[in-house]
Amino acid sequence: MFNQIFTDMTNTLYSTHKLLGVIIGLLVIVRLIYRLRRGAPDDEPSIEPWQKIASHLTHWAIYALLILVPVIGWFG
């Protein structure tokens, strides 16, 4: 009996995890499309050039991870 309850709970949690992952993935894609079409706000004029480069690289690295991590999990 305990084994069946554990199996049912595991299946429910796994299905919920997948559903939330798909929803968040779709939101990330919509946000990325919006970002590419509308552009980003102008950089703060008081920051150094190296900080601008670092912030842009970090921003795009986060987008890449938001897409790659779920895809890798899906293949796994």
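The values are calculated or read from the model by the stated rules, or taken from the named source; none is laboratory data. As the structure is a prediction and not an experimental result, all values here were calculated from the model. All Cβ positions, glycine included, derive from the backbone under ideal geometry; neighbour counts span all protein chains shown. Note: areas computed on protein heavy atoms with side chains; ligands, DNA, RNA excluded. Shrake-Rupley method; radii C 1.70, N 1.55, O 1.52, S 1.80 Å.
Points to keep in mind about this one:
- Charge dipole (the range 1-43, unit charges on Cβ, about Cα centre) - positive-most of ASN3, VAL30, LEU19: VAL30
- In degrees, nearest ten, helix 2-38 long axis to first principal axis of the chain (Cα): 20 degrees
- Choice from SER46, SER15, SER55 showing the highest fluctuation, given a GNM over the chain with Cα pairs closer than 10 Å: SER46
- Per residue, the accessible area of the chain comes to 92 Å², computed with a 1.4 Å probe over protein heavy atoms only.
- Counted by Cβ distance under 15 Å from TRP50, the other residues give a net charge of -2, where Lys and Arg count +1 and Asp and Glu count -1.
- Per-residue ellipticity at 222 nm computed for the chain from its helices equals -30500 deg cm²/dmol, with DSSP H segments shorter than 4 residues left out and the rest contributing -39,500 (n - 2.57).
- Per-residue 3J(HN,Hα) values for the range 46-57, derived from phi via the Karplus relation 6.51 cos²θ - 1.76 cosθ + 1.60 with θ = phi - 60°, read 8, 8, 6, x, 5, 6, 5, 4, 5, 5, 5, 4 Hz in sequence order (x marks Gly and Pro).
- Enclosing the Cα atoms of the chain in their convex hull gives a volume equal to 118 cubic angstrom per residue.
- Nearest-10 value in Å² for the accessible area of VAL71, using the 1.4 Å probe: 60 Å²
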